[in-house]
Structures are given as structure tokens and as C-alpha cells.
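The values are calculated or read from the model by the stated rules, or taken from the named source; none is laboratory data. Everything numeric here is computed off the predicted structure, so don't read it as measured data. Glycine gets a Cβ as well: all are built from the backbone with ideal geometry, and neighbour counts include every protein chain shown.
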Amino acid sequence: MQSRTVDAQTRRKHQAFVESPQFARELQRIPLKWRGRVVSQALKVMSVWHWRRIYEPEGIKYVRDFAEQYVPAGVDLSQDDADICATAEKAAENVKKMLWAAISDTHARDIIEQECSDYGISIPEVDDDDLRAIIARVVDPRWWRRQLRKVVGRAFEGGNIRLGYVHYRGEPYASNDAVLSRMAQNKRNAAALEASIVRNEVGQEFSIAELAEKTTANKTIRRGELMLRINGFEMIARECNDEGLFLTWTCPSRFHATLHDGQPNPNYDGSDPRTANKYLGKMTALARSALARRGIGLYGFRIAEPHHDGCPHWHMLFFVRALPGYKTPHVKDVAGRAVRIMKRYAWRVDRGEPGAFKRRLDVKRIDWAKGSAAGYIAKYVAKNIDGVADHKTREGYVVTTDTAGDYELTPSARVEAWAARWGIRQFQQWGGAPVSVWRELRRVPEDMVQEAPPAMAAAWDAVQKIDGEKRACWASYLRAQGGALVKRDDLMITLAKESKTVVGRYEECKRAMPYGVYCRQMVGVVFKSVRHIWTPVQGNDARASAGLGFPWTRVNNCTEAAAPGFAADVSFAPATAPAPIKFAADDSAQIHHAWLALGACPWPRPVLKAAPQGPAPGVGAEERQRILASWAAIKACPWPRMAPEVDLTPRRGTPHQVAEWRAGRMPTAELQVDPKPKKGNAP
């Protein structure tokens, strides 16, 4: 029987149940940080029931549902980064052992899918669904390390949001766990970049950290380039009398875990910030398509920023103009027409909830008499990169710098950790010419444009910067390209690309790599850019002491093959057969005997004086294990694989043992022989 209130005796029964060993078993998968709040939520669910046969299953069901959503199967959320690395090593080794027993490609794919699902990870997605490329990833601990960090980090952060840890009165934007993890990751990355030394073709040597400081990875350069592009759009808008709008688009209530007062939101449906960001992307894409169909051009920038509870909202600064195909010429207020269309999609989902029409889309028209349009968005650019000391949230609360132990957690560090944890793109340009051409033009030397056509010369001059004399101008670059609303097919200058074979860590693949630019006014001519060829060199003593390897990076999109020993070894065959490997006489004889014993063919094939004549007589279990270890030691892959002899003796075991046997994690010999076999017995 359900009731709104229960007596003190029933509450004591509820409390005794959550302290019982039966309920404690259900909490084993829950991290210690969460258990107090999970128990409180379970008591709240149980509080309306008097009968033991009802409130006990309800409490257990809540814990199980919570664990299923926020605790991935086979993953311990309480492990730190060192434990994640150890788990990655274990998973990769387990996959290797399982793949030795695979008898077909389908069997190998099933093994990979099972092992990935055990850790809550999706099977790798590769071009053409190449099995060799998939295998090369799942046998690499570094691939598992990346995937486990992502799964563990997002699951733990999602649970923190669900349980009310993330809000302005607690840990705003992102939990302290996420911020500290991101700071540790940045520290590891900085050490690796500093320890990695590369040399170009003219003999200059730099660390990758020094080269990164010259790119948009430098926060100062990144912020300066963004503001330069925003100012360029504003200059074009003033010249063309385009109307400016500053909009803030928020998500419906069901995406927000916490209310403004810090209390849980009863309408919250469990969506994480990544799902909410996809919703905003979908709705704005529909709105932009509707504007294009009605002949309204749009260009500008949008910035993704978190609410105090981690739910994203978008700030958008864009300018609108009526195109030749404008569908409603009688409506002179083009900006007002654009706002009405945007509101239609902002209110499309859950439009009946309280406050939807007031808060879902906030619109401000740019008044040129009051100041610059870039001023509307400048503070959001600074807040999300290297920003200001204190953040003022959209709800009006102030987020200040906090401390966790010896670490200082600034608001901008919290925003950066939030974006990195959920994989959210913070800044995006809408309309205008691509910035990739802008950056490629900066690599084109001056002597290449001495006799260039007017558009090429104007664009090249617009991107050049001379300290103390000349600034780059995004507006001039847009004019040379054809304007702020130019279509991609009508660009005056485009990238010149060539297809090259890139040797990656896991496979060889063809990629279109830029090497200059084309100009529409001079067909067939490529204005080549200058690119250095960087190769890794042996670093200093810091590299050896830190135990760091060269990161797999092309630094400046160089497509030259890496130096010997640069790429990671892979235990399985590449897409293209490499040159034969030569062994010493003793090693050759030993490996020759191993192949003969199992009748297998190695890949890549080594150079041997005599070809195998055929498989050797029966091989014992110990010798087979020694042969498998020999293959693993030389990173070889036998092909075709020899199918193991199947033991058809009827056997029996517990359901858990049978499940382990079917998954390939338990040998058949460990199951008991069934003297009275029945249908369905293993094997």
C-alpha cells in the first residue's frame, strides 16, 4: 500500500534494510564517494512504502538502475590513472591470447566485440571495416588506455552530475575530480612534448612544446585569432549594413540536473552534457536550414559554455542579410524574421513547460551606436580560454577560484575540463571563408606571389602580419574570397591537396594533404607553401628518466615516413606486406622449427634457405605454449591459423563456468566430465 508518509517504525526498517548485507552487496559497484547519496536516494524511493516485499525490491531496483547507467560493466570507477593503465595492459594482453585461438575472421571479430563489451567500450571504427586495422588497435594498450580514460571519466562525471555534486554551491561547471584529472593530463602532455625533440631538413632542432607555442595550441594565439576573425566579420557587417544579433540558446528543463537553488531538478531525465550539446547542434542546424530556404544569409560565431550544473548553452553572435532569393521581400525587418524562425525551433521541444518562451532563447539586437559587436562576445571568448578571475553565470551567480589540496581551480580551468571531458567543441564559425585556407596562405612565401592575380595577391597580403607595422585583416581576406556569404564552390582561393600514403601507428592509409593553394583566376597553377620535414631525434636525459616515447604526431602535417623505431610495434599484420625480415642462423632454425611444428605460415615472411616441407608430427601442450610465446616475442602472426583439436567429451559445470567457457576464458579441460551426458552439456 502506497502512502505519502510512514511512521517512525517503518523508517527504522528502511534504515535497517539499507545497512543489511543484502543491500551492501548491491553497493559494491558504486564508488565510495557516491554511496551516501545513492543510499539517500534509495531511502527516498522506499519512503512511500510500508510493506517489506515492496520497499526492498524498490530500493534494490533503484541501485541497480543507477549502476547500469553510470557504472559501466567491467569498469572500476574508483581507479586512478595508474590503475587505468594497468587495466589497459591487461585488456590488450587478454585480447592477444584470445586471438591466438581464432580460427576465422568472423571468430576473431566476435572475440573482439566480446572483449570490448566487457569493458563498456565500442569496437574500433576504421575505414572499410578492415579487420587488420581493428586488431592492430585492440592489441595496443595505448588504444585501451584512451578508451578506458574516456569511459571512466565520462561515467564518473555523469554520476557526479546526477547526484548533485556539480552546481554553483558545490563544484560549478565540472566536478573537482574532472578538473584535477584534466590538470594531471595537461601536466603529462607538457612533459611528453618537452621531452620530444625533432629536427628539420636544415638541421634546426626544437622540442614539440616549443613548436606548439607557435600554433593555436597557445591560448594567447588562439584567443587573438578568434577576436581577429570576429572583428573581421563586424567590419564586413558595417560595410554591408547587415543587422547583428546576439543570442543565447538554452536546453529544455529535462537536460538540467540541478535547479538554481541547488536542489535536484524533478524533470531531469539523466541526459549528460554531450547529449544536450547534440540537441543544441540539431536544433540550430534545422534553424539555419530554414533561414537558407527563406533566402536569409547568416554568418558569425557561436560559443558553447556550461551552466552551473554542466548543461551547455550556446552564445551566438551573427549577422543577417537578405539574399537575392529572399522569400518575403515585404518583410523589411530581416533580423526580426530570422529571430522568429529561430524561436520556432528553440520552442519546438517541450514548449509547454513553464518558462520556455522566456528563457529558451534570449535575443539582443546589436546597437552600433552603443559600441562594437565584438564587445558582446569578447568576455565569453576570454572566459572559455584563459579568461577572467571570476565568472558570472547566466543565472547571475559568481563562480570564483577554488582550491583542492595544493591545487588552484580557476573558473577557466573548470570550463576547459568540462569541454575536454565531454568532447564539446567550444568555438565554431558559421559562414565566411574557411580558416584553413587563411593558415595555408601564411605558409606561401612572398616570391610565389610576385606575379599572382589580384585575388591571390590581396588574400596573401591580408593574412600577413608584421610586428609593429602591419596587422592581419580577416575582413580583407573575406573580400578577396568573395565576401562573408560566399559559397564553398565559389571561393576564389582553395586548398591544393595531394594524396599521400601515411604510415600510422596501426595501418597505412591514403590521405589528402595540403601543399599549397589554388586561385580561380589562374587555373592549373599551385602556389606552393613551405613545409619543413620534421623527424624525431634522440632527446635529452629527461626523456630517458621519464620513460616517455616519441608521440605519434606529424607536428606540421608532414607526411614523410617516421624514422626507424618511431612507430609503435604492432603484433599483427599491416595492410601492406613490408620487406622480408632476415634472422640470424640460430634464430632462423628455431623459428623454422616452430612453424613446421604447427604447419603455420608467418607474416611477414622471413628469408629462409629452405622452405618448410610440411607440418611436423603431433605437438604437445608444453611445446605449443613455447611456440606461441616465440611468436609473441618476435611480433609475428601465424597464417593460416591451425584450428585446435576440439574435445568432444561431454562435460558439465556451473552456469558461471559454462558462460566463461563459451566466452573463451576457461579451457574445456577444467570442466568436469559428465558421466550421464544430456542435450546441451558443454561442449
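One residue alone among H313, H308 is part of a strand (DSSP E or B) and either in contact with a Ser or Thr (Cβ under 7 Å, 6 or more places away or on another chain) or within 19 Å of Y70 (Cβ to Cβ) (or both), and that residue is H313. If you go through the range 325-357 one residue at a time, how many are within 34 Å of the chain's Cα centre (by Cα), assigned to a helix (DSSP H, G or I) and without any contact (Cβ under 8 Å) to a residue 24 or more places away in the chain? Selection size over the range 325-357: 2. Number of residues in the range 346-380 that are of a type in the set (A, V, I, L, M, F, W, C) and touching a strand residue (DSSP E or B) at 6+ places or on another chain (Cβ under 7 Å): the value is 6.
For every residue, the table says whether it meets (1) surrounded by fewer than 18 Cβ atoms within 10 Å (Cβ to Cβ); (2) not small (G, A, S).
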site	(1), (2)
V437	no, yes
P454	yes, yes
S476	yes, no
M492	no, yes
Y506	no, yes
V523	yes, yes
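Taken across the range 16-36, residues that are in a loop (DSSP other than H, G, I, E, B) and modelled with pLDDT under 85 do not occur at all. Scanning the range 119-137 for residues that are aliphatic (A, V, I, L, M), assigned to a loop (DSSP other than H, G, I, E, B) and under 13 Å from R505 (Cβ atoms) yields a total of 1. Looking across the range 24-68, just one residue is surrounded by fewer than 12 Cβ atoms within 10 Å (Cβ to Cβ) and aromatic (F, W, Y), and that is W51. Of the residues making up the range 504-524, just one is within 29 Å of the chain's Cα centre (by Cα), assigned to a strand (DSSP E or B) and among the aromatic types (F, W, Y), namely Y515.
Only one of H315, H256, H260, H307 is more than 25 Å from A374 (Cα to Cα), surrounded by 21 or more Cβ atoms within 10 Å (Cβ to Cβ) and assigned by TED's automatic domain parsing to the domain that holds V398. Can you tell me which?
Just a single option satisfies the conditions, and that option is H256.
Restricting to the range 103-129, what's the tally of residues that are in contact (Cβ under 8 Å) with a residue 60 or more places away in the chain and exposed (fewer than 15 other Cβ atoms within 10 Å of the Cβ)?
Adding up the residues that qualify gives 2.
Looking only at the range 393-431, residues that are modelled with pLDDT of 85 or more, within 16 Å of V166 (Cα to Cα) and in a strand (DSSP E or B) come to 1 in all.
Considering the range 269-281 alone, what residues qualify as being without any contact (Cβ under 8 Å) to a residue 24 or more places away in the chain and either part of a helix (DSSP H, G or I) or surrounded by 18 or more Cβ atoms within 10 Å (Cβ to Cβ) (or both)?
S271, T275, K278, G281
In the range 37-59, the qualifying residues are those that are of a type in the set (S, T, Y) and in a helix (DSSP H, G or I), and the one that is farthest from L163 (Cα to Cα) is Y55. Return yes when R169 is loosely packed, with under 15 Cβ neighbours inside 10 Å and either of a type outside the set (G, A, S) or over 16 Å from A413 (Cα atoms) (or both) and no when it is not. Here the answer is yes, as R169 does meet what is asked.
Could you tell me whether G153 is assigned by TED's automatic domain parsing to the domain that holds S122, assigned to a helix (DSSP H, G or I), closer than 11 Å to A417 by Cβ and out of contact with any strand residue (DSSP E or B) (no Cβ under 8 Å at 6 or more places or on another chain)? For G153, the condition - assigned by TED's automatic domain parsing to the domain that holds S122, assigned to a helix (DSSP H, G or I), closer than 11 Å to A417 by Cβ and out of contact with any strand residue (DSSP E or B) (no Cβ under 8 Å at 6 or more places or on another chain) - is met. Here the condition is being out of contact with any Phe, Trp or Tyr (no Cβ under 7 Å at 6 or more places or on another chain), assigned to a loop (DSSP other than H, G, I, E, B) and more than 16 Å from Q15 (Cβ to Cβ); of D65, D83, D76, it holds for D76 alone. Of note, T284 satisfies the criterion of being out of contact with any Cys (no Cβ under 8 Å at 6 or more places or on another chain), of a type outside the set (A, V, I, L, M, F, W, C) and assigned to a helix (DSSP H, G or I).
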